[in-house]
Each structure stands twice: as C-alpha cells, then as structure tokens.
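The values are calculated or read from the model by the stated rules, or taken from the named source; none is laboratory data. Everything numeric here is computed off the predicted structure, so don't read it as measured data. No Cβ is skipped: glycine too gets one built from the backbone with ideal geometry, and neighbour counts run over all protein chains shown.
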Amino acid sequence: MTLPRIPDIELVALEGLERLSRYLGIADEKIGEARIIVTEAIINAFEHGGDKLPVAEVEFTLTQKEVIIFVRDFGEGFEPSAVETPTIEAKLKAENKRGWGLNLMKSLSDDFRIESDSHGTKITIRKLLV
C-alpha cells in the first residue's frame, strides 16, 4: 500500500497487520513486536523521506511462521553505516533524545536490511513469529 504523509496514517497498516495476524492465530506478543517494527519504519520513512514525494510504500507478507515487512521512502537517502548506535548514557545527556528507531527495529527483527541511495531508502525486515 502507498500511504500519504498524514497524521496517524501508520494505523492503516497496523490494522491490516493485526487483522491478518489474529486470523492466522499469531501470539499477541509477536503481533506487538511486529507493530513496533512497522510503526518505527513508517515514521522514519515520513520523517526522512523528504517533501519531493511525501509517501511511504508499505508491504508485508504474513504467514503463521514469519512476517516480512518492506517500507520504502523517496528521500535523498543516507549512509546506514554512518548512523551511530545510541547509548542510554549519551542520550540522557543529549538535548535530542530521539534516534532509537533503527536500533529498535534491528533488535526486534530476525533479519534487517537497509538499501539507501539518492532515490530513497528501502527497509526489509524479517520477523519470525514462532
């Protein structure tokens, strides 16, 4: 689905994820973790995707064993290896407390991949559900 950048639009993707998950009988704990990943990925896409094409493409493939989440923006891209991993000590002292999204998505995922260039950023996440 292609989501426009409007307030709370990530809830549309989350509703679909939840309904499919419940239909397949996936545990609430695993649904909750997948919700966090999807929410963070969509928020990042809108925050860093720029104004040229303010949409996020969101896809997920869901089975009883895993969910594969794909989120794409059309911003200027970034160098993933240049993003510092936040530490609680540094963030407590910093004025900006944000910047946990990538680390959070990685920690909740079983496979996390970022492709980014001048045409945008693609994040592909695999989350095991069993």
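Can you work out which of the residues in the range 43-55 that are surrounded by 16 or more Cβ atoms within 10 Å (Cβ to Cβ) and over 19 Å from Trp100 (Cβ atoms) is nearest to the chain's Cα centre (by Cα)? Of everything passing the filter in the range 43-55, Val55 is nearest to the chain's Cα centre (by Cα).
Quick one: which residue in Asp73, Asp51, Asp28 is modelled with pLDDT under 95, in contact with a helix residue (DSSP H, G or I) (Cβ under 9 Å, 6 or more places away or on another chain) and of a type in the set (Asp, Glu)? Steps first, answer last, please.
Working: Asp73 fails: modelled with pLDDT under 95; Asp51 fails: in contact with a helix residue (DSSP H, G or I) (Cβ under 9 Å, 6 or more places away or on another chain).
From the options Asp73, Asp51, Asp28, the qualifying one is Asp28.
For the range 88-120, residues that are of a type in the set (D, E, K, R), assigned to a loop (DSSP other than H, G, I, E, B) and modelled with pLDDT under 95 total 3. I'm trying to understand the selection: among the residues of the range 121-130, which are modelled with pLDDT of 90 or more and part of a loop (DSSP other than H, G, I, E, B)? The answer is Leu129, and nothing else. Taking (1) surrounded by fewer than 12 Cβ atoms within 10 Å (Cβ to Cβ); (2) touching a Ser or Thr at 6+ places or on another chain (Cβ under 7 Å); (3) not aromatic (Phe, Trp, Tyr) in turn, Ile125 satisfies each apart from (1).
Determine whether the range 17-31 contains at least one residue that is closer than 16 Å to Met1 by Cα and in contact with a Gly (Cβ under 8 Å, 6 or more places away or on another chain).
No, because not a single residue in the range 17-31 is closer than 16 Å to Met1 by Cα and in contact with a Gly (Cβ under 8 Å, 6 or more places away or on another chain).
In the range 27-42, the count of residues that are outside any helix (DSSP H, G or I) and either surrounded by 17 or more Cβ atoms within 10 Å (Cβ to Cβ) or acidic (Asp, Glu) (or both) is zero. Taking the criterion of being loosely packed, with under 13 Cβ neighbours inside 10 Å and either among the small types (Gly, Ala, Ser) or within 11 Å of the chain's Cα centre (by Cα) (or both), the residues of the range 60-84 that qualify are Ser81, Ala82. If you go through the range 35-48 and keep only what is in contact (Cβ under 8 Å) with a residue 40 or more places away in the chain and closer than 11 Å to Val71 by Cα, you end up with Ile37, Glu40, Ala41, Ile43, Asn44, Ala45, Phe46. Please work out if Asp110 is of a type outside the set (A, V, I, L, M, F, W, C), in contact with a strand residue (DSSP E or B) (Cβ under 8 Å, 6 or more places away or on another chain), exposed (fewer than 15 other Cβ atoms within 10 Å of the Cβ) and touching a residue at least 40 places away in the same chain (Cβ under 8 Å). Here the answer is yes, as Asp110 does meet what is asked. Entry remark, the range 76-107: residues being among the charged types (D, E, K, R) and touching a residue at least 60 places away in the same chain (Cβ under 8 Å) number 0 in total.
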